[in-house]
């Protein structure tokens, strides 16, 4: 039986799409983008400045053994904000989450900047993390609400490019602030500047309140469904395809994409046309995915299908299925989330240790040690510029493979800093490779998330991506710190090399999983 969509329903859905991304005037979009870049730049400066100042802060507050926890707590509590923001943004748009997040972020900065002990500093960092989690997801959703799909890669690359100026001046400026004003102004200065940056985004946030949200209603036309796959592997988007793709094929797609009607998926090593919608790459039936959203497919229904309609899955079951799908890196969006977690853990786990290594073992000044953060961020921004223009002409999966490989090489190479005879510049040069790898991977994963997530679940998908990022960063920074001090008491300086080598293994694993981020028939890198 072929699914149909009534003319009224089709018109209603098309109207929702027309009222969506791109409806804000070009001038309004520019102002929103300026605000986004300003907020990202402030976040970049704060992150680089705190990382530069933290060795001094930990000594001043007598909390060197809690050094990495001061980073981990931000990532951990940001998960609370992200989980809250995902559904919140889907229900009400990004505006409430954005303003609440900015407020909590500022409060956390003030608490940290006035702390008299490591416990108070960590408490402030915890509040700061909740706020950053809220407005971080809201930023992603605002991109989807304000900018059309063709502009999103450039917008995400602009986010990364927003690190350029902070990367150049941030660590050095933080060193001057620490030396002449005190480390507290690293936090308090960022708090003062955050609010005006957020205010610049008001036009976009106001417009986003009225943006149409495509529902799951009427998602199937002529028996063909979209290739957007939910995090649990069974999601469908709300777009009416009329039996056609959106005009692009993944450059990895191969001959499978040529046959059949609509999109193609490789389900079992063979090539057979099916309506995309199941867990792509696994033996999943598209009719189950369609039934879960109350839509029809051309597959015959059974009594089991009717029972599934009558008994929707409980949230606990959905959460467990999501967790399992991400852990096994199921093809499509689950693999995107898995790779994001791996590269985040690898980069963060190494980055928090490098300033400590340079200050306390190589005896560099805070500003001098901060140079490694500068070169890494510059590599990240430069590679993001390359990625945003697709100068390498790779597929999405190709960019993930290359970026993950650079990250692994750079992280392991930075371990050479434990050798006293190796100049600090050598380790910094390797860290440029790590930053470049992240600059290729992060924008790619962000674009894939919005392409693969159903429009009415973009908030939840963005939340899941950032939750994975934050959880991995929190675990990695905590684990590397604990492992470092455990090994350091026994082995001394080589403990740094062991820990950095382990973070390189995480990046290598991401390279192996890169191919699973590809959904056959998806839009090529652009």
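Please determine whether any residue of the stretch 347-368 is in a helix (DSSP H, G or I), within 18 Å of residue 498 (Cα to Cα) and under 14 Å from the mean Cα position of the chain (by Cα). So far as the stretch 347-368 goes, yes, one or more of its residues are in a helix (DSSP H, G or I), within 18 Å of residue 498 (Cα to Cα) and under 14 Å from the mean Cα position of the chain (by Cα).
On the basis of being assigned to a helix (DSSP H, G or I) and under 21 Å from residue 172 (Cα atoms), does residue 402 make the cut? No; evaluated as a whole, the condition is false for this residue.
Please give the helices (runs of 4 or more DSSP H) falling wholly within the stretch 117-190 in which 2 or more residues are within 25 Å of residue 467 (Cβ to Cβ).
Numbers: elements: 118-146, 152-161, 164-180.
The qualifying helices (runs of 4 or more DSSP H) are 118-146, 152-161.
Of all residues in the stretch 93-104, how many are more than 24 Å from residue 54 (Cα to Cα), in contact (Cβ under 8 Å) with a residue 40 or more places away in the chain and assigned to a helix (DSSP H, G or I)?
Step one: of the stretch 93-104, the residues more than 24 Å from residue 54 (Cα to Cα) are 93-100.
Adding the requirement that they be in contact (Cβ under 8 Å) with a residue 40 or more places away in the chain leaves 93-95, 97-99.
Within this subset, residues satisfying the condition of being assigned to a helix (DSSP H, G or I) are 95, 97-99.
Final tally of qualifying residues: 4.
Could you please let me know if residue 70 is closer than 20 Å to residue 484 by Cα, crowded, with 22+ Cβ neighbours inside 10 Å and touching a helix residue (DSSP H, G or I) at 6+ places or on another chain (Cβ under 8 Å)? Answer is yes for this residue.
Checking each residue in the stretch 153-173 for being surrounded by 21 or more Cβ atoms within 10 Å (Cβ to Cβ) and over 14 Å from residue 382 (Cα atoms) picks out 153, 155, 170, 171.
Throughout, read-outs are computed from the coordinates displayed, never taken from laboratory work. Note that the structure is a prediction, hence the values are computed from the model and not measured. Here Cβ is always computed from backbone atoms with ideal geometry, including for glycine, and neighbour counts include all displayed protein chains.
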